[in-house]
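First comes the structure, then the notes that go with it.
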């Protein structure tokens, strides 16, 4: 009996171990089966809560280990896009499409992402492929309408939207198209004051319409009212312009010509030409040439100038990442053969985003100088000697401001906030933390003929300029918008305040 007892115990132990081992294998299998579901669910939850970078990090490893899983590859591509890692997203979408070539929804999703990111050229072939599968898709029709709108084909875009029942997205796009192609009326009033002292109130009215991408004419009338002490001056100006848009070439331009009666009652012409070229998706080049009146100083009201202004700007407009601008300009004053030139650059770091709030932080540098400084005495030599003002000769810039080797380093802060779909707010601050310039002063001197003259001398000084601005834009209705703005400027010459109010009305019939 004893040998039998031992045999039964041995068989029981072997059976128990076999059962335990089988249970362990089954548990591991269940864990392995549950892992994909858990990982994908967790990634979706992270995406839903806006934690895209955490989700992308999780999906990157998971997608690499599950190359045959369509959901894994697709969710990874989407997550990388939402995390603003567009290069990785494009690569993931491309690999997924090559691995699953028959999935049309994947192609459409990638095309929509490309359109959101402004890459129309790459999106169009994918839309055309999906169209063969389902030409009635709402997403497809809306995508085609967006592209037509951005390319300036407003009539075709509206016709495309009629192919499908109106949704919230298509209604919004339709209103944008109608606003772009309709006749509009813009009323604006601005107020400017500085410590010279000078006050300027400027009512403006502008009416314009869209006829063709190459012909969008507008007519404007302004009536600046200048006040200084007890003296008032006006400078009415009427101007006519045209805006043209070559979207496929990435070119937009505005040409303007006008007539102005200057504060000294003389009449002359004004003109401006603005050319913009966009390439490489984010690179924008801008060229400006103009002849506009200089009416900012008190002396310029008595002796108006119309400098020839030329500027060239290059900017990188990727507002989801690093963005910046480099600018150069020159103002040539033919009346006294002088010029003022400026060089500047600024750079913003990627934005900090919290819900509908965005914050940009950056750095700026600016340099400006002039061929000759126009700081001069307010009094004659006889008056200076008579009233004994030799030690404190009062001066002003006549007739325009002329910096001398002015250099400014600034910190930049920009805020954008959209508390409601019909309300947009923003604020900008340019805070100079190191500014240097050669500040002019006046003194009496003797020339070679022993005559008394007034001469300029320069002292290197430090100053801390700043400029702060803010705006509020309210879309009162699809056809009516109201914008209020304010700007404070303090530099080495003066401190000024400017406020404006703009009402824009679009005349379009939704039917």
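Residues that are over 36 Å from the mean Cα position of the chain (by Cα) and on the phi > 0 side of the Ramachandran plot within the stretch 365-405 comprise just one, 388.
Just checking, how many residues over the stretch 285-302 are surrounded by fewer than 16 Cβ atoms within 10 Å (Cβ to Cβ) and not in a strand (DSSP E or B)? Residues meeting the conditions: 1.
Please go through the stretch 233-284 and give me each residue that is out of contact with any strand residue (DSSP E or B) (no Cβ under 7 Å at 6 or more places or on another chain) and in a strand (DSSP E or B), ordered by number. If you could, list the steps in order and put the result at the bottom.
Let us first name the residues in the stretch 233-284 that are out of contact with any strand residue (DSSP E or B) (no Cβ under 7 Å at 6 or more places or on another chain), namely 246-249, 264-266, 279-281.
Once the filter is applied, which keeps residues that are out of contact with any strand residue (DSSP E or B) (no Cβ under 7 Å at 6 or more places or on another chain) and in a strand (DSSP E or B), the stretch 233-284 yields 246, 279.
Evaluating residue 492 against the criteria (1) over 24 Å from residue 183 (Cα atoms); (2) in a strand (DSSP E or B); (3) touching a residue at least 60 places away in the same chain (Cβ under 8 Å) leaves one unmet condition, (2).
Residues in the stretch 445-452: is at least one surrounded by 15 or more Cβ atoms within 10 Å (Cβ to Cβ) and either in contact with a helix residue (DSSP H, G or I) (Cβ under 9 Å, 6 or more places away or on another chain) or at pLDDT 95 or above (or both)? Taking every residue of the stretch 445-452 in turn, none turns out to be surrounded by 15 or more Cβ atoms within 10 Å (Cβ to Cβ) and either in contact with a helix residue (DSSP H, G or I) (Cβ under 9 Å, 6 or more places away or on another chain) or at pLDDT 95 or above (or both).
If you check residue 77 against the conditions, is it under 24 Å from residue 248 (Cα atoms) and in a helix (DSSP H, G or I)?
Working: under 24 Å from residue 248 (Cα atoms): no; in a helix (DSSP H, G or I): yes.
No; evaluated as a whole, the condition is false for this residue.
Evaluated against (1) in a strand (DSSP E or B); (2) surrounded by 15 or more Cβ atoms within 10 Å (Cβ to Cβ); (3) in contact (Cβ under 8 Å) with a residue 60 or more places away in the chain, residue 499 falls short on exactly one condition, (2). Considering the conditions (1) assigned to a loop (DSSP other than H, G, I, E, B); (2) surrounded by fewer than 16 Cβ atoms within 10 Å (Cβ to Cβ), residue 314 is excluded by exactly one of them, (1).
Among the conditions (1) touching a residue at least 24 places away in the same chain (Cβ under 8 Å); (2) crowded, with 16+ Cβ neighbours inside 10 Å; (3) farther than 20 Å from residue 102 by Cβ, residue 54 misses just one, which is (1).
Applying a threshold of 6 Å to beta carbon distances and a minimum spacing of six or more residues, or different chains, the list of pairs starting in the stretch 347-375 at a residue that is under 30 Å from residue 50 (Cβ atoms) and ending at one that is not in a strand (DSSP E or B) reads 350/321; 358/351; 360/351; 361/349.
Would you pick out the residues in the stretch 45-73 that are assigned to a helix (DSSP H, G or I) and under 32 Å from the mean Cα position of the chain (by Cα)? Walk me through how you get there before you give the answer.
Initial filter on the stretch 45-73 (assigned to a helix (DSSP H, G or I)): 45-48, 52-65, 70-73.
Listed by number, the residues that qualify are 46, 47, 48, 52, 53, 54, 55, 56, 57.
Remark: pairs (first residue in the stretch 253-271, on the phi > 0 side of the Ramachandran plot and free of Cβ contacts under 8 Å to residues at least 12 places away in the same chain; second residue part of a strand (DSSP E or B) and surrounded by 11 or more Cβ atoms within 10 Å (Cβ to Cβ); Cβ separation under 6 Å; 6+ apart in sequence or on different chains) are absent. For the stretch 91-126, the tally of residues that are on the phi > 0 side of the Ramachandran plot and modelled with pLDDT of 90 or more stands at 0.
I'd like to verify a number: residues in the stretch 211-232 that are more than 30 Å from residue 279 (Cα to Cα) and part of a strand (DSSP E or B), how many?
First, pick out the residues of the stretch 211-232 that are more than 30 Å from residue 279 (Cα to Cα): 219-232.
This time we only want the ones that are part of a strand (DSSP E or B), so: 219-222, 225-228, 231-232.
Number of matching residues: 10.
Kindly indicate whether residue 456 is touching a strand residue (DSSP E or B) at 6+ places or on another chain (Cβ under 6 Å) and at pLDDT below 95. Judged against the criteria, residue 456 is a match. One residue stands out in the stretch 241-259 among those that are over 26 Å from the mean Cα position of the chain (by Cα) and surrounded by fewer than 18 Cβ atoms within 10 Å (Cβ to Cβ): the one that is nearest to residue 199 (Cα to Cα), namely 259.
Would you check which residues across the stretch 109-154 are part of a loop (DSSP other than H, G, I, E, B) and surrounded by 16 or more Cβ atoms within 10 Å (Cβ to Cβ) and list them?
Passing the criteria: 117, 137, 151, 152, 153.
Note on the stretch 320-402: no enclosed strands (runs of 3 or more DSSP E) hold 3 or more residues that are exposed (fewer than 15 other Cβ atoms within 10 Å of the Cβ) and out of contact with any strand residue (DSSP E or B) (no Cβ under 6 Å at 6 or more places or on another chain). Within the stretch 430-447, the set of residues being more than 26 Å from residue 487 (Cβ to Cβ) and assigned to a strand (DSSP E or B) comprises 438, 440, 441, 442, 443, 444, 445, 446.
The values are calculated or read from the model by the stated rules, or taken from the named source; none is laboratory data. Bear in mind the structure is a predicted one, so any value in this text is a computation, not a measurement. Note: ideal-geometry Cβ built from the backbone for every residue, glycine included; neighbour counts use all protein chains shown.
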